[in-house]
1. How many of the residues in the stretch 88-110 are surrounded by fewer than 19 Cβ atoms within 10 Å (Cβ to Cβ) and of a type in the set (D, E)?
2. Are there any pairs with C-beta distances below 6 angstrom linking a residue in the stretch 130-152 that is surrounded by 10 or more Cβ atoms within 10 Å (Cβ to Cβ) to a residue that is assigned to a strand (DSSP E or B) and among the aliphatic types (A, V, I, L, M), with the two at least 6 apart or on different chains, and if so which?
3. Limited to the stretch 18-37, what total is found for residues that are in a loop (DSSP other than H, G, I, E, B) and surrounded by 12 or more Cβ atoms within 10 Å (Cβ to Cβ)?
4. Helices (runs of 4 or more DSSP H) wholly in the stretch 60-157 with at least 3 residues that are touching a helix residue (DSSP H, G or I) at 6+ places or on another chain (Cβ under 6 Å), closer than 25 Å to H43 by Cβ and not aliphatic (A, V, I, L, M) - which ones?
5. Kindly indicate whether R8 is at pLDDT 95 or above, more than 15 Å from the chain's Cα centre (by Cα) and outside any loop (DSSP other than H, G, I, E, B).
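The values are calculated or read from the model by the stated rules, or taken from the named source; none is laboratory data. It should be emphasised that the depicted structure is a prediction, and the values quoted were computed from it without experimental measurement. Every residue, glycine as well, gets a Cβ built from its backbone with ideal geometry; the counts of neighbours run over all protein chains shown.
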Amino acid sequence: MSENPTLRDQFNAGDKVLPFKGPEAIDSGCLECFAYEYAGTPHGAGMEIETTTDEFTSVCPFSGLPDFAEVTIIYIPDEYCLELRSLKYYLLSYRDVGIWYEHLVNRMLEDLVKACKPTSMAVEIVCNPRGGMASTVSASYDRETMGPPESLSSSAE
């Protein structure tokens, strides 16, 4: 009599994990800013900049499998604006980094706030569904209630 193996017996991941890098590979040093000429003017002080990309990738820190997401960054600049080319390079530096969404959004907020020192900023990550479950994570900064950018710190540093 032949045994009929279950699917669990037929397919075994064998503890397979794809290689990935740690958060130290995130390149915040590539972020550049330019002077905002309308800083301090009545109409310039409330200007809001929204930047969105649906081409963001990082990897799961458990399996190394890719995670895909849409990133939205909204901020009110003070004296500096983020230069978009450098922002693209910064976002690309996450490509091979294993990081939880909850850590990713906070790390990104800290790096971007420290780079351009805005009046306020919000970062939202809308993660593509995996296993039928979608996640949206967000973090925000407000200088008036949270203090200067230098006061932001992470346990990951």
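1. 2
2. Pairs that qualify, where the first residue is surrounded by 10 or more Cβ atoms within 10 Å (Cβ to Cβ) and the partner is assigned to a strand (DSSP E or B) and among the aliphatic types (A, V, I, L, M), are T136/V126; V137/I125; A139/V123; S140/A122; Y141/M121.
3. Going through the stretch 18-37, the residues in a loop (DSSP other than H, G, I, E, B) turn out to be 18-20, 22, 26-27, 31-32, 36-37.
Now restrict to residues that are surrounded by 12 or more Cβ atoms within 10 Å (Cβ to Cβ): 18, 20, 22, 26-27, 31-32, 36.
Qualifying residue count, the stretch 18-37: 8.
4. Details: elements: 84-92, 101-116, 143-146.
By residue number, no helices (runs of 4 or more DSSP H) qualify.
5. Numbers: at pLDDT 95 or above: no; more than 15 Å from the chain's Cα centre (by Cα): yes; outside any loop (DSSP other than H, G, I, E, B): yes.
Criteria not met by R8.
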